[in-house]
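Coordinate-derived values only; no laboratory data. This one's a predicted model, so the numbers in the text were calculated from it and none came from an experiment. Quick reminder, even Gly has a Cβ in these numbers, built from the backbone with ideal geometry, and neighbours come from all protein chains shown.
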Amino acid sequence: MRVYVPLTLAGLAEAHRTGELGAGPLPAHAVTPALREWYQSDDIEELEYAALGRAAQASLRLLAAAPSAEWRRVVVAVDVPDGAVSAGPDGAPDGAAPGEVRVAGPLPLAKAASVHVDSVDAKADVTAAAQALAAADGGDDDARSVVDGAEDHELLWYATQEIPGLVEPGR
């Protein structure tokens, strides 16, 4: 099963340093029955894109919680055995959003299939979105519009061999 693990650039740098995404259980997103129902599609590519988008939203929440982080969303795609993924009866942990799962760890970075990161051009919109997230969660429509602005930016695809260039300062 392919899972999408939300991170920050600092989290990716730590994973690069230690060789693992974390000890687990790790929050991630995947194509689950609940995501299929929510997205209302049977196209696996569309569903995987939706799971990637949900992970990007989770990455934004990580950025909002770490104000000193570089303001770019990061998602690592990893193929894991189905048995490593836990979910509730509807395909998500209790109280989780559609597509949200937990991955047993440790999860070696060497198992990653790809990395998805915002371009440098997206930093201003992602920064504004992270700063507006609490207000958007509180129902502020203007803040919700700012948060949605981050979603206008597609995450760029990187091969795992490119991770060192992503985590170098100034990139």
Given unit charges at Cβ for Lys, Arg (+) and Asp, Glu (-), the dipole magnitude of segment 35-135 about its Cα centre in debye, nearest 20, is 520
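Quick check on the chain: what are the equivalent-ellipsoid semi-axes from the Cα gyration tensor, as sqrt(5λ), descending, whole Å? Each step should come with its number before you reach the end.
Details: eigenvalues 105, 92, 39 Å².
For the chain, the ellipsoid semi-axes come out as 23, 21, 14 Å.
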Quote the charge dipole size of the chain about the Cα centre in Debye, to the nearest 20; the model charges only the Cβ of Lys and Arg (+1) and of Asp and Glu (-1). 700
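Once the piece of chain linking GLU37 and ALA104 is laid out straight, how much longer is it, given 0.36 nm per residue of separation minus the C-alpha distance between them?
On the way: separation 67, 0.36 × 67 = 24.12 nm, distance 2.46 nm.
Contour length minus the Cα-Cα distance gives 21.7 nm.
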Quick one: compute the contact order of segment 1-73, relative version, from alpha carbon pairs under 8 angstrom and 6+ residues apart, as a percent. 44
Can you grab the distance from the C-alpha centre of segment 104-154 to the C-alpha centre of segment 44-86, Å, no decimals? 9
What is the packing order of peptides 52-58, 153-159, taking the mean over residues of other C-beta atoms within 10 Å and listing the highest first? 52-58, 153-159
Along the charge dipole of the chain, Cβ charges K/R +1 and D/E -1, which of TRP157, PRO27, ALA97 sits furthest on the positive end? PRO27
Scoring the chain by relative contact order with C-alpha pairs under 8 Å, at least six apart, yields a percentage of 28
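For the chain, list the DSSP H helices whose alpha carbon atoms reach 24 Å or more along the long axis and whose average Kyte-Doolittle value is -1.0 or above?
Values: long enough: 44-65 (32 Å, 0.48).
TM-like helix candidates: 44-65.
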